[in-house]
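A short worksheet on the structure shown next.
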Amino acid sequence: MLTKTTALVIRKTPYTDNSAVVQLFTREAGLLPFLVQGLHGKKTQSGKAVFFQPGNVLEIVFNRKPGALQRIKEVQSLSSWGYIPSPAHDQVRWFFLEILQHCLIQEQIEEPLFDTSKNIFEQINKTHPYINNLVITSVFQLSDSLGFALEINQHANTGLDLQIGSAAVSQSLPATTLTPQEIQLLNTILASPDTAIGNAQLRKDLFQKLTNFLCLHALHGKPLQTLEIIKQL
């Protein structure tokens, strides 16, 4: 079946001397493997390898074959990176790619997750000027898209215990509880993502707690190797 869809490049693995298997997260069909020729070696096709950098957003046309390696008939770039050097954005890009590599399942359609992920990578690829805000809002939005929404506004005055998903009590652990101050900061960042807000330590604590929640519930406790680098931003 001929399919036209938007896709996010997740991973690229060498296959032969001049080809690679590229994992694409597509809106119409979920995560699929594609065999792409001419990406490296002597037969590299000029400009083609640029399309398939992990983190790029593409529009593709392909003949869908369930359970098989797919082949792309047409491709164009919707959002790419690499033209403006930005180490911070590169680190954030690999952080969110690692999250998706942990949670995506082959051929499982995840339209809300795709839409959220596409928006995140489009902003990263455009070198969003407030990257520290972006990592916080993106982790929060990914939790929602993966089915683990945080009802922060219901507990703005008491704090939110992330382990039980309800108002904080005296037995709640500080490391897994969003304080009223952190909830207020999160709401402010969500409302004004293009403004520098909050002190550095409060932002780091908020990011750490949101990421721990995402790893525990959506990634089943899988550790993120890129997390320590992101915490230094």
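The values are calculated or read from the model by the stated rules, or taken from the named source; none is laboratory data. Predicted model only: the values in this text are computed from it and were never measured. Note that each Cβ is placed from the backbone with ideal geometry, even for glycine, and that neighbours are counted across all protein chains shown. Calculation scope for accessible area: heavy atoms of the full protein, side chains included, ligands and nucleic acids excluded. Shrake-Rupley method; radii C 1.70, N 1.55, O 1.52, S 1.80 Å.
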### Query
Which number in (1) in contact with a Gly (Cβ under 8 Å, 6 or more places away or on another chain); (2) in contact (Cβ under 8 Å) with a residue 60 or more places away in the chain; (3) open to solvent by 20 Å² or more (accessible area, probe 1.4 Å) marks the one condition that Leu8 misses?
(3)
### Task
Might you check whether a residue that is in contact with a Phe, Trp or Tyr (Cβ under 7 Å, 6 or more places away or on another chain), aliphatic (A, V, I, L, M) and modelled with pLDDT of 90 or more occurs anywhere in the range 56-63?
yes
### Task
Kindly establish whether Gln171 is surrounded by fewer than 14 Cβ atoms within 10 Å (Cβ to Cβ) and either part of a strand (DSSP E or B) or of a type outside the set (Gly, Ala, Ser) (or both).
yes
### Query
For the range 95-145, which residues satisfy the criterion of being open to solvent by 40 Å² or more (accessible area, probe 1.4 Å), touching a Leu at 6+ places or on another chain (Cβ under 9 Å) and not in a helix (DSSP H, G or I)?
Ile105, Gln106, Glu107, Gln108, Glu110
### Message
Given the condition open to solvent by 30 Å² or more (accessible area, probe 1.4 Å), touching a Pro at 6+ places or on another chain (Cβ under 9 Å) and free of Cβ contacts under 8 Å to residues at least 60 places away in the same chain, answer yes or no: does some residue in the range 84-94 qualify?
### Response
no
### Query
On the given criteria, is Thr158 in contact with a strand residue (DSSP E or B) (Cβ under 8 Å, 6 or more places away or on another chain), open to solvent by less than 80 Å² (accessible area, probe 1.4 Å) and in a loop (DSSP other than H, G, I, E, B)?
yes
### Message
Condition check: of a type in the set (A, V, I, L, M, F, W, C) and open to solvent by 50 Å² or more (accessible area, probe 1.4 Å). Does Leu186 satisfy that?
### Response
no
### Message
Would you confirm whether or not the range 194-203 contains a residue that is closer than 25 Å to Ser117 by Cβ, open to solvent by 10 Å² or more (accessible area, probe 1.4 Å), out of contact with any helix residue (DSSP H, G or I) (no Cβ under 7 Å at 6 or more places or on another chain) and without any contact (Cβ under 8 Å) to a residue 60 or more places away in the chain?
### Response
no
#### Entry: Scan of the range 217-233 for residues that are outside any loop (DSSP other than H, G, I, E, B) and either on the phi > 0 side of the Ramachandran plot or in contact (Cβ under 8 Å) with a residue 12 or more places away in the chain (or both), ordered by number
His217, Leu227, Ile229, Ile230
### Message
Restricting to the range 117-167, name every residue that is of a type in the set (D, E, K, R) and more than 15 Å from Leu190 (Cα to Cα).
### Response
Lys118, Glu122, Lys126, Asp161
### Task
Assess whether Phe213 counts as being of a type in the set (Phe, Trp, Tyr) and assigned to a loop (DSSP other than H, G, I, E, B).
no
